[in-house]
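The values are calculated or read from the model by the stated rules, or taken from the named source; none is laboratory data. If you're wondering where the values come from, they're calculated on a predicted model, not measured in any experiment. Glycine also receives a Cβ, built like all others from the backbone with ideal geometry; neighbour counts cover every protein chain displayed.
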Amino acid sequence: MDLGNSRVTILLTSGEEVNLQGADAYVRALFYKGANPDLPISLVNLECVGQNGPMIYWKKDGEFLIFYNADPGLITRVGQAWKAESGKDLEPGYPSLTDDAQRFLAAGIPAVTISNSGEPGLGVTAFHSTADNPARVNVDNLKLMVRVLERYIESY
């Protein structure tokens, strides 16, 4: 993959199910304590990828009563990468969710969350189910997601 002038950080967080602890710690360390990372910076958050179904994006991300719109520019750019690899348009998922992208959006960092729809099957949040097991992973969708992310990164 040719990164061109891009710098990519792959961030694996923990504690998402416990008040977004990993994303919160990362954003606080980079943006709230005097650190000044090179900008521009943005986040493409992966949630429940590798399920069945097409890739979707979430319109809003938030927590409790405050929700933030996914960044339109990121939706467009990820959507173009998805269409180039799959031949399909990027569709919106459910109107909103709470995941790690919330901490980035709250700090004013452009973000979008993408996932596979989970259909046919248990639905978009199925990888949060007691029915989860390795046999439920759609390997072809994982490979497609890697190609989409490569194309997205190379678009910069």
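Brief remarks follow.
- Test for Ile153: is it modelled with pLDDT under 95, among the hydrophobic types (A, V, I, L, M, F, W, C) and farther than 15 Å from Val49 by Cα: yes
- Residue match in the range 125-135 (condition: assigned to a loop (DSSP other than H, G, I, E, B), acidic (Asp, Glu) and more than 21 Å from Asp61 (Cβ to Cβ)): yes
- When Trp82 is tested against (1) at pLDDT below 90; (2) assigned to a helix (DSSP H, G or I); (3) among the aromatic types (Phe, Trp, Tyr), just one condition goes unmet, and that condition is (1).
- Which numbered condition Arg77 fails, given (1) outside any helix (DSSP H, G or I); (2) farther than 23 Å from Glu16 by Cβ; (3) of a type in the set (D, E, K, R); (4) under 15 Å from the mean Cα position of the chain (by Cα): (1)
- Odd one out for Ala101, checked against (1) at pLDDT below 85; (2) within 29 Å of Asp140 (Cβ to Cβ); (3) of a type in the set (A, V, I, L, M): (1)
- Count of the range 135-148 residues, restricted to those that are modelled with pLDDT of 85 or more and surrounded by fewer than 17 Cβ atoms within 10 Å (Cβ to Cβ), is 7.
- The requirement of being in contact with a Ser or Thr (Cβ under 8 Å, 6 or more places away or on another chain), part of a loop (DSSP other than H, G, I, E, B) and surrounded by 20 or more Cβ atoms within 10 Å (Cβ to Cβ) is not satisfied by Asp61.
- Complete set of residues in the range 64-95 that are surrounded by 15 or more Cβ atoms within 10 Å (Cβ to Cβ), of a type in the set (Gly, Ala, Ser), without any contact (Cβ under 8 Å) to a residue 60 or more places away in the chain and closer than 20 Å to Arg147 by Cα: Gly79
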